[in-house]
1. Extension gain residue 40-residue 276, at 0.36 nm per residue separation less the Cα-Cα distance, in nm?
2. With springs connecting C-alpha atoms under 10 Å apart, model the chain as a Gaussian network and identify which of 133, 173, 314 has the largest mean-square fluctuation.
3. Quote to one decimal, in nm, the extra length available between residue 111 and residue 206 on full extension: 0.36 nm per residue of separation minus the C-alpha distance between them.
4. I need the P(r) histogram for the chain: all alpha carbon pairs, bin width 10 Å from 0 out to the longest distance, whole percents.
5. For residue 129 paired with residue 237, estimate the spin-label separation in nm (one decimal), with each label point 7 Å from Cα along the Cα-to-Cβ line.
6. What's the exposure ranking of 267, 104, 171, going from fewest to most Cβ atoms within 10 Å?
7. What are the ³J(HN,Hα) values, in whole Hz, obtained from phi via the Karplus relation 6.51 cos²θ - 1.76 cosθ + 1.60 with θ = phi - 60°, for each residue of segment 137-152 in sequence order, with x given for Gly and Pro?
8. Roughly what % of DSSP beta bridges within segment 180-313 run antiparallel, to the nearest 5?
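Quick note: the coordinates plus some simple rules give every number you see, no bench work behind them. Remember, predicted model here, so these are calculated numbers, not experimental data. Neighbour counts run over all protein chains shown; Cβ positions are idealised from the backbone, glycine included.
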Amino acid sequence: MLFSRRSNSTVGLDVGASSIKLVKLDHGKNGFSVSAIGIRELPPEAIVADEFRDREAVIFNIQSLIDQTDPKIKDVVVSISGHGVITDKFVIDKKTGPEAEQAILFETEQRAPFDVDDVSLDYHVIKTDDEINKMEVLLVAARKEYLKMYLELIEDCGLRPVVVDSDAFAILNAYENNYDIDPAKVTALVNIGHDVTNITYMAEGLFKATRDVSSGTREIYTAIQREFRLNPELTQKAIKGEMSDTIDQDMLKATIISSTEELSSGIELAFSYFKSQTKLDRIDWIVLSGGGALVPYLPEYLQSKLGVPLELANPLRNIDYDPELFQYLQPEKIAPLLAVSVGLAMRKAR
Ligand SMILES: Nc1ncnc2c1ncn2[C@@H]1O[C@H](COP(=O)(O)OP(=O)(O)OP(=O)(O)O)[C@@H](O)[C@H]1O
Ligand SMILES: [Mg+2]
């Protein structure tokens, strides 16, 4: 007799402005393990901020990434971020069906700065506590046309988006599942992408707030390209620190630092806003993820500019994996890049 092993895995698909990241995690009794992983770079202008400028190229690259990693993948957990996206986490009385939807809609109305009629909601019950009859809900609300455009793109890749999450909550999920949380510390999880930087704050061991800053490493990319007169391919190599033999490192450092002003002041402003809105007057440390964590000189510079100790995130810290799966990628090096996709793949999608 054959025993069919019930598959209990989730695929996180992180479609970013510079690359697509895919992580498939098996959810086992003893924790998570990676069963597929892949990263595929996009042409430089295919996605700019939240806009798909070259839809065909994005679809082609998502499909190619699926073919390379695991062609059987159908169900994916995806995320959105940036303008017009509201995310929150809250606890309400345990309800199901239309009653739950009504209660969640009510909660959203309290939070949305725009008319909820224009908004699509997706929610996900993260935890239920039968003893006190409460449930914790993750809410993602986005403008209808934006969400529709995004989901149609995923469906046109032949995939089924089973959960729509947000980048900020994926980061939080990856963090909570990998680190022992010190309730005495005010933590800022900062995920620097190509166009967007997501900041998620934790204090007293709990989620406090989240904010997206519309700036990322694109300015650095453009400055390197201009300064060293490089084509897109070589610019990508330089920003990854892979051109240390061919370009002057002092000049690279100066170029990176001088093009980081918008990003660092964006983070600085977000930090002061957070401090003014909460009774907490400090941020004790930053856990840095996203491609920005891998740009040479950037983490050290941010640490000194912001005056906050900083550590690189390792979303694979508590996860089993076979390094062979990563092929040419070095897992311990590129881990910060996978924070969103790992956080998405940690969702229970059914
Ligand atoms: N080893 C690396 N691999 C990939 N990207 C890197 C690496 N080192 C530095 N980077 C830089 O990090 C940036 C990409 O970061 P990330 O993948 O987090 O962004 P994204 O998710 O594509 O964008 P966004 O979240 O803004 O839509 C790029 O500008 C890239 O050049
Ligand atoms: Mg990203």
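1. Numbers: separation 236, 0.36 × 236 = 84.96 nm, distance 3.97 nm.
Extending this stretch completely gives an extra 81.0 nm.
2. Of the options given, 133 has the highest mean-square fluctuation.
3. On the way: separation 95, 0.36 × 95 = 34.20 nm, distance 1.92 nm.
The span from residue 111 to residue 206 would gain 32.3 nm if fully extended.
4. The percentages, shortest bin first, are 5, 24, 35, 26, 8, 2, 0.
5. Going by the 7 Å Cα→Cβ label model, 5.5 nm.
6. On the way: 267 24, 104 20, 171 29.
With the sparsest Cβ surroundings first, the list reads 104, 267, 171.
7. 10, 9, 10, 10, 10, 9, 4, 3, 5, 5, 5, 4, 4, 5, 5, 5
8. Values: 13 of 21 bridges.
Looking only at bridges with both residues in segment 180-313, the antiparallel portion is about 60 percent.
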